[in-house]
Amino acid sequence: MIVPGANPPEITSIVDSTKHEYTNYLNISHFGSLADDRSMTQVLNILPIFFKEFPEAKNKVRFHVYGTQLDQKSKEWLQNSPYHNNLIEHGRLELDPKTGLTGRQRIAIKMQESDVLLLLHGKTEWCREYIPSKIYDYFWTSRPIWAITNNNPQLDDLIQPRNGYLSDSSDQLSIYEALDRIWHDWKNHNLIQPKFMPVTVEAACKQIITNVSRIEKKL
């Protein structure tokens, strides 16, 4: 099934005119909804150990949350931690009457300015059946993606060929190791360069036809 509205977002001019720069902070940004079963605590839980290993990182790493309120588990976690400055909530980005930029265009700018885009998949059985729609926008902005996925080889197969950082949501060590790699890549100004492979309508149709052909051969 091809869903109407799957054409490329109208952000090309924005992406082309917004260049990423390394700043004094490692900016890791999450866009989209959060919930207790798709929570920032998947990352927050490793921060005490990570900052103990790399004390300098505590004053450099910033997680930005756009488009939603922080999930309840993360709110409770932060209440009992010394890491409030490491997570910044920005809320929804709407039409800016001064610049005329739409909410989606403003989001595209923030994605381009981010060092890494964080994709949280979740921790439920439903994760086997779905791919987060936000990944579509992530691919079009062509910034490094850190995906924390759960039991979905098809999603992993979308991330890995595009040179993404990949973690298993049920394996805290893999989350720690990804953040470790991102931290050192950022310090060296050598973050992964993603391959520009956006998901197009044409590519989706070809993939569906290919999968149907494989099923027919088995029958």
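The values are calculated or read from the model by the stated rules, or taken from the named source; none is laboratory data. Values in this document were obtained by computation on a predicted structure and should not be read as measured data. Cβ coordinates were reconstructed from backbone atoms using ideal geometry, including for glycine residues, and neighbour counts include every protein chain displayed. These area figures cover heavy atoms from the full protein model, side chains too; ligands, DNA and RNA do not enter into them. Shrake-Rupley method; radii C 1.70, N 1.55, O 1.52, S 1.80 Å.
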Point to revise | Unsatisfied cross-links (Cα-Cα over 23 Å) in the set Lys19/Lys195; Lys19/Lys75; Lys73/Lys110; Lys75/Lys123 | key: Lys19/Lys75; Lys73/Lys110
**Study point:** region 67-160: GluC sites (Glu not before Pro) falling in loop per DSSP and having at most 16 other Cβ within 10 Å
**Key:** Glu94, Glu129
Point to revise | region 59-164: radius of gyration and largest Cα-Cα distance (Dmax), Å | key: 15.4, 44
Check your understanding: Quick one: accessible area per residue over the chain, 1.4 Å probe, rounded to a whole number of Å²?
Key -> 56
Exercise for review: Would you rank Ser74, Ser133 by solvent-accessible area, highest first, keeping every protein chain in place and using a 1.4 Å probe?
Suggested key: Ser133, Ser74
Check your understanding: With each run of n ≥ 4 DSSP H residues scored as -39500 (n - 2.57), what mean residue ellipticity at 222 nm is computed for the chain after dividing by its residue count and rounding to the nearest 500 deg cm²/dmol?
Key -> -11000 deg cm²/dmol
Study note, to complete from the structure: Expressed as a percent, the accessible surface of region 163-219 that is carbon or sulfur, using a 1.4 Å probe and the full set of protein chains, is 53
**Study point:** Proximal lysines relative to Lys52, as straight alpha-carbon distance under 17 Å, when same-chain residues fewer than 8 apart are discounted
**Key:** Lys60
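Assuming 0.692 mPa s and 37 °C, estimate D for the chain with Stokes-Einstein, Rh taken as the Kirkwood radius over Cα pairs, in µm²/s.
Estimated via Stokes-Einstein, D reaches 178 µm²/s.
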Review point. Quick one: putting +1 on the C-beta of Lys and Arg, -1 on the C-beta of Asp and Glu, what dipole do you get for the chain around its Cα centre, in Debye to the nearest 20?
Key: 220
